[in-house]
Amino acid sequence: MSRKIIIDTDPGQDDAVAILLALASPELELLGLTAVAGNVPLALTAKNARIICELAGRDDVPVFAGCAAPMHRPLVTAEHVHGKTGLDGPALWEPAMPLQEAHAVDFLIDTLRREPAGSVTLCPIGPLTNLGTAFERAPDIIPRVAEIVLMGGAYFEVGNITPAAEFNIYVDPEAAEIVFKSGISITQMPLDVTHKALVTRPRLEAFAALGTRTGAFTAEMLDFFERFDIEKYGSEGGPLHDPTTIAYLLDPGLFSGRHVNVEIETGSDLTRGMTVADWWGVTSRAPNVTFIGDLDAAGFFALLTERLARLP
Ligand code: BDR
Ligand code: CA
């Protein structure tokens with residue numbers, strides 16, 4: 001039986017690869033994509049999500065537009081990483097599939113109320129605004145969520161948008177706090193692990209060598225996406241953050257981490273959005289997150305490449 005998931009996303013080249021990985025995997029039933037403002041404004045993330053569905057030949061997947069700005073702050077975007085469209089690299093098109101009329105937050109609430117309790121897994125890979133808003137508005141859905149596997153935060157690797165904070169958590173720390181304090185079982189993919197999932201040249205060329213439109217599109221996206229981080233970190237490839245969430249659902253054995261307490265900094269201007277992980281157990285705060293620290297990078301890219309090969 002396949003596992004029902006909703007991907008909450010701000011595509012974003014790495015979001016796009018996460019969506020493609022889910023669409024290529026029969027173990028997962030994608031109930032819908034909920035777009036949120038993040039890497040680029042909402043109109044673009046909602047459009048990019050539909051482009052990716054069409055690329056995969058899956059215009060049957062419903063795409064919902066959600067929150068256009070964080071719960072209590074102005075939006076911060078990341079065009080300096082993702083380009084003006086959010087999906088710079090390949091040639092893009094105007095999607096033919098429509099956006100759903102319902103708001104993403106209503107879709108999340110209605111779906112969690114309708115589906116059997118404990119049957120829907122949430123995979124947020126952008127700022128947590130849609131989830132935070134849904135949980136605040138309809139707390140009855142919180143115990144109905146099976147689990148959350150999210151990309152965001154950092155501890156040993158510290159920040160990528162500020163010295164202390166990772167982008168997704170920094171953009172909407174109040175929403176993140178609601179999610180992290182929800183009591184739902186959370187698996188977190190922080191920069192500590194995603195910075196070990198590097199798109200080296202041979203890995204990029206393996207996507208191009210698939211000889212499919214998905215393979216070519218993926219290689220062109222990632223070629224653009226990784227230029228920023230390669231220059232910044234001097235690494236042999238850029239980190240492929242968001243697909244780690246979907247890979248974890250498919251093969252958790254590729255990953256290792258610790259069940260620890262993680263709190264979100266919302267007060268300080270200096271460290272806003274920091275995910276303070278009690279990795280060494282130096283407090284008595286109760287563990288609330290499985291904080292992933294390492295992965296089998298070769299296994300992760302082998303899985304990803306094998307799955308993307310199944311798409312047109
Ligand atoms: C996260 O921020 C975005 O730029 C990426 O899509 C990823 O979700 C990495 O910090
Ligand atoms: Ca993202």
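The values are calculated or read from the model by the stated rules, or taken from the named source; none is laboratory data. Since the model is a prediction, treat every value here as computed from it, not as a measurement. Note: ideal-geometry Cβ built from the backbone for every residue, glycine included; neighbour counts use all protein chains shown. In case anyone asks, the SASA skips ligands and DNA or RNA and just uses the protein heavy atoms, side chains included. Shrake-Rupley method; radii C 1.70, N 1.55, O 1.52, S 1.80 Å.
Yes/no per residue for (1) touching a Gly at 6+ places or on another chain (Cβ under 6 Å); (2) within 18 Å of ILE184 (Cα to Cα); (3) free of Cβ contacts under 8 Å to residues at least 12 places away in the same chain:
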position: VAL262; (1), (2), (3): no, yes, no
position: THR266; (1), (2), (3): no, no, no
position: MET274; (1), (2), (3): no, no, no
position: ASP294; (1), (2), (3): no, no, no
position: ALA298; (1), (2), (3): no, no, yes
position: PHE301; (1), (2), (3): no, no, no
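VAL81: β-branched (Val, Ile, Thr), touching a residue at least 60 places away in the same chain (Cβ under 8 Å) and over 30 Å from ASP229 (Cα atoms), yes or no?
So VAL81 fails the test.
Is it the case that LEU99 is part of a loop (DSSP other than H, G, I, E, B), out of contact with any Leu (no Cβ under 9 Å at 6 or more places or on another chain) and over 22 Å from TYR170 (Cβ atoms)? Walk me through how you get there before you give the answer.
On the way: part of a loop (DSSP other than H, G, I, E, B): yes; out of contact with any Leu (no Cβ under 9 Å at 6 or more places or on another chain): yes; over 22 Å from TYR170 (Cβ atoms): yes.
Yes: the conditions hold for LEU99.
Starting from residues that are closer than 22 Å to ASP294 by Cβ and charged (D, E, K, R), keep the ones in the range 197-231 and report whichever is farthest from ligand 1 (Cβ to nearest atom).
ARG203
Answer with yes or no whether ASP8 is within 16 Å of ligand 1 (Cβ to nearest atom) and at pLDDT 95 or above.
In short, yes.
Select from the range 209-241 the residues that are outside any helix (DSSP H, G or I) and open to solvent by 40 Å² or more (accessible area, probe 1.4 Å) and list them in ascending order.
ALA209, LEU210, GLY211, GLY234, GLU236
When you scan the range 110-120, do you find a residue that is basic (Lys, Arg), free of Cβ contacts under 8 Å to residues at least 40 places away in the same chain, open to solvent by 30 Å² or more (accessible area, probe 1.4 Å) and part of a loop (DSSP other than H, G, I, E, B), even just one?
Checking the range 110-120: not a single residue is basic (Lys, Arg), free of Cβ contacts under 8 Å to residues at least 40 places away in the same chain, open to solvent by 30 Å² or more (accessible area, probe 1.4 Å) and part of a loop (DSSP other than H, G, I, E, B).
Looking only at residues in the range 24-50 that are open to solvent by 20 Å² or more (accessible area, probe 1.4 Å) and in a helix (DSSP H, G or I), which one is nearest to ALA302 (Cα to Cα)?
ARG50
Considering each residue of the range 2-23, count those that are within 23 Å of ARG114 (Cα to Cα) and either within 16 Å of ligand 2 (Cβ to nearest atom) or assigned to a loop (DSSP other than H, G, I, E, B) (or both), and give that number.
Number satisfying all stated conditions: 7.
Of the residues that sit in the range 125-156 and are over 18 Å from the mean Cα position of the chain (by Cα) and in a loop (DSSP other than H, G, I, E, B), which one is farthest from PRO243 (Cα to Cα)? Even if it seems obvious, please write down each step before you answer.
First, pick out the residues of the range 125-156 that are over 18 Å from the mean Cα position of the chain (by Cα): 135-144, 156.
Still in the running and in a loop (DSSP other than H, G, I, E, B): 138, 156.
Details: ALA138: 28, PHE156: 21 Å.
Selected residue: ALA138.
Looking only at the range 70-82, how many residues end up being open to solvent by 50 Å² or more (accessible area, probe 1.4 Å), touching a helix residue (DSSP H, G or I) at 6+ places or on another chain (Cβ under 9 Å) and more than 16 Å from ligand 2 (Cβ to nearest atom)?
2
Take ARG144 and decide whether it is open to solvent by 10 Å² or more (accessible area, probe 1.4 Å), touching a residue at least 24 places away in the same chain (Cβ under 8 Å) and within 23 Å of GLU29 (Cα to Cα).
Against the criterion (open to solvent by 10 Å² or more (accessible area, probe 1.4 Å), touching a residue at least 24 places away in the same chain (Cβ under 8 Å) and within 23 Å of GLU29 (Cα to Cα)), ARG144 qualifies.
Quick one: in the range 160-178, which of the residues that are farther than 15 Å from GLU263 by Cα and touching a residue at least 60 places away in the same chain (Cβ under 8 Å) is nearest to the chain's Cα centre (by Cα)?
Residue satisfying both the conditions and the ranking: PHE167.
It is to be established whether one or more residues within the range 189-200 are touching a residue at least 60 places away in the same chain (Cβ under 8 Å), in contact with a helix residue (DSSP H, G or I) (Cβ under 9 Å, 6 or more places away or on another chain) and of a type in the set (Ser, Thr, Tyr).
No, the range 189-200 contains no residue that is touching a residue at least 60 places away in the same chain (Cβ under 8 Å), in contact with a helix residue (DSSP H, G or I) (Cβ under 9 Å, 6 or more places away or on another chain) and of a type in the set (Ser, Thr, Tyr).
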